[in-house]
Structure formats: structure tokens, C-alpha cells
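Report on one structure; see the data block that follows.
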Amino acid sequence: MAGVNLALREGQFLALLGPSGCGKTSTLRLLAGFEAPDSGTITIGGQTVFGPNVFVPPERRSVGMVFQEYALFPHLNVADNVAYGISKGMNKTEKKQRVRDVLELVGLPGVEQRMPFELSGGQQQRVALARALAPNPQLVLLDEPFSNLDAGLRTQIRAEVRQILRRAGATVIFVTHDQEEALSLADEIAVMLHGRLAQTDNPQRLYERPVNRHVAEFLGHTNFVPGQRHSGFVDCELGRLPTLDSGGNGPVEVMLRPEAIELTPNGDGAAEVVDREFFGHDQLVTVRLASGAVLHSRLLGLSGDFRPGQRVSLQIQGRVMVYPTP
């Protein structure tokens, strides 16, 4: 892992997104102080916690961490789990009140005496979040926070966790390999590939303008067609399309998100439907061009009943990204 350079504003949500083994969790461990980098500087809340001749231990970094497995102490009740990380500077009454406050913040009032095994997975996660928030940390780190939840609960719980952290005014870095999760929750996303940060940007710009083909492919369904760029346009099998950057002239690959491709039934259309996946709210339609190239179009579920063998016309919405041909 090398070349990792991150900066967060107070109250910002940053997603560290990448495939397994790319260095996401290692980055969190470096920030938390569980490991020391070979070089560089780490500053949290204006305090340098790692640098030349500086290493601040984890317990003094003002960092709260929610682990993938929650890491609740099974022999302690909820109140004692939450109170574990609170500063020793608080007296017993203050500590008890802080526990009540953060449990109310995470939507679990009145569960102080319950044991972790008596709680659901979603409740355990909230307790882990309450424990991380209890000391009023400068930074909250979450490592794959929703991976242990059932698919049906995941969307609901992640929206609730976002609201909790927003109410707490927390500055957050969360690690995920789920593109949808990162795009829907984060203010900014840092894409990590092969141990390096490939691109950092806000979700919409990152999705619309990936810096290269590798980032584009990692962020979801993507179509590529060959083309020739010149003077702010690209000529390809789909016609002449305006590009997002003027760039230089020459052979390129044109990136087309499925949402940018509109289909219209047309007996003389240039493409043929070869497959359709219907999801209710939307549908993914696969078409084959005259050259044999296969493209995917994502449409609203009610936008048409497309069937294999049907001829369609294609229309591209907006400007397109292009990348130099390797």
C-alpha cells in the first residue's frame, strides 16, 4: 500500500471503496493506531498522531471504531459495553448519563441491562456504534459495517446509521466493497485499487467521470465501444457523440453507463434485444449491435416490455467519457 493521501472536513462522510485485499482495512488500522505506517503523517483533529518521532497510541487518538464483527464483550451488559470506552475523567454519574444519552441517540433507550446475545444483529450494531460515539471522538471508523446483516435489513439499517451519525455530528470514514452502499451514503468516495487511491470525488462526479477504465468498471455496469475522437466529439458505431472533455484526437474507448442508453421499439432499428432482466422498479435490457457488440441499457420498469428478438433504436443521453485506447 502506497500513495494514500486523505483529508476530511469536520462532519464529512468518506467511503473507502475497493475490492477485497486492496488495503482498505489496513488504512483504518493505521488511522486507529493498531499499526504504524512506514512513513508519512497522520493528523486527527489538528493533532499529529503519527509522524517523524511521533506515535500516539490508539487510546489517545480520539478515534471511535466499529468493527465488522461488532466486537462486543459477551460477558458485559449493554451499559458496560458502551461505557468501556468513556474517558476516566467522568465520574460514575456522568458516565451513566452519557451511556443513556448515546443509547437514546442510536434508538435503543432502556436496554442498558440486556446482554449482547439477547439482541438482534441490527441492535448489536447500534450498541457498537453507541460505544464508538460515547467518548465524543474526533473521528469514527467503520469497517464493513453492514456486511453481517441480512440483505433485507441492510438498506434500512444503513440509512438509520447515517442519520445517527449525522445527528451526532460525527466525522466518518467507512470501509466497504459495495458500490451502491458507498454511492448512497458518502459525501465523498475514495476508490482504492491495488493498494493505491485511484480517485477521490463526490459520488455523482465519480460515477459520471471515472478517471480511468479500471475505476469505471469497478463502479458498476459499464459499456465500452471503440471510437475516434476529434474536436470535442467521438465517432463510433452509435454515431457522433459529444464528449465530456476535449482531449486530443485519436482512437479511444467510449464509456456508456446503462442509464445513458435509451431504447425505442423500431422494426428497422440498429440493435436487437437479446435478453431482459426485470426488477420491478427498473429493468436491464441487453442488445446486440450490427457489429456483434453487446450493450446493456437500464430503463424504468414501466418504460416498455422488451423481448428477445425485438428490434430497437438507441439514443445516447448527455456527453460521454472517453479513454485512450490501450
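Readers should treat all values here as calculations from the given coordinates under stated rules, not as data from a laboratory. Everything numeric here is computed off the predicted structure, so don't read it as measured data. Please note: Cβ atoms are built from the backbone with ideal geometry, for glycine as well, and neighbour counts cover all protein chains shown.
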* To do: Distance between Cα centroids, segment 94-116 to segment 1-73: provide it in whole Å.
  => 27 Å
* Asked: Once you put a point 7 Å from the Cα of residue 325 and another 7 Å from the Cα of residue 266, both along the Cβ direction, what distance in nm separates them?
  -> 2.6 nm
* **Three-way shape call for segment 1-152 based on the alpha-carbon gyration tensor, with the a/c threshold at 1.5** => oblate
* Structure fact -> Simple SL model, points at 7 angstrom along Cα→Cβ for residue 237 and residue 59; separation in nm is 6.4 nm
* With only Lys, Arg, Asp and Glu charged, each at its Cβ (+1 for the first two, -1 for the last two), find how big the charge dipole of the chain is about the Cα centre; round to the nearest 20 debye. => 880 debye
* **With 5 Å bins from 0: P(r) over segment 1-85, alpha-carbon pairs, percent** => 3, 11, 20, 22, 19, 14, 8, 3, 0
* Mean separation of Cα contacts under 8 Å (6+ apart) over length of segment 225-324, as relative contact order % -> 33 percent
* **Relative contact order of the chain, defined on C-alpha pairs under 8 angstrom at six or more residues apart (%)** => 17 percent
* Per DSSP H run of at least 4 residues, take -39500 (n - 2.57); add these up for the chain, divide by its residues and hand me the 222 nm value, nearest 500 deg cm²/dmol. => -7000 deg cm²/dmol
* Asked: Net charge near residue 25, counting Lys/Arg +1 and Asp/Glu -1 over other residues with Cβ under 14 Å of its Cβ?
  -> -2
* Could you run the Karplus curve 6.51 cos²θ - 1.76 cosθ + 1.60 with θ = phi - 60° over segment 273-280 and give me ³J(HN,Hα) per residue in whole Hz, x for Gly and Pro? => 6, 10, 6, 8, 10, 9, 10, x
* Structure fact -> Note on segment 177-275: alpha-carbon gyration tensor, axes a ≥ b ≥ c; rule is a/c under 1.5 for rounded, else prolate if a/b larger than b/c, else oblate; result oblate
* To do: Choose one of 105, 93, 121: the residue whose Cα lies farthest towards the positive end of the charge dipole of segment 87-184 (beta-carbon charges +1 Lys, Arg; -1 Asp, Glu; about the Cα centre).
  => 93
* **Net charge over other residues, Cβ less than 12 angstrom from the Cβ of residue 298 (K, R count +1; D, E count -1)** => -2
* Please list the radius of gyration and Dmax for segment 225-324, considering alpha-carbon atoms only, with Å as the unit. => 14.1, 42
* Asked: Which of (1) 37, 23, 18; (2) 29, 25, 20; (3) 46, 25, 14 is the computed semi-axes √(5λ) of the Cα gyration tensor in Å for the structure on display?
  -> (3)
* Structure fact -> Percent relative contact order for segment 45-173, counting Cα pairs under 8 Å at least six residues apart, stands at 35 percent
* Asked: In segment 1-109, which chymotrypsin sites (Phe, Trp or Tyr not before Pro) are in a loop and have at most 14 other Cβ atoms within 10 Å, using DSSP for the loop call?
  -> 34, 84
* To do: Output the antiparallel fraction of DSSP beta bridges having both residues in the chain, as a percent to the nearest 5.
  => 75 percent
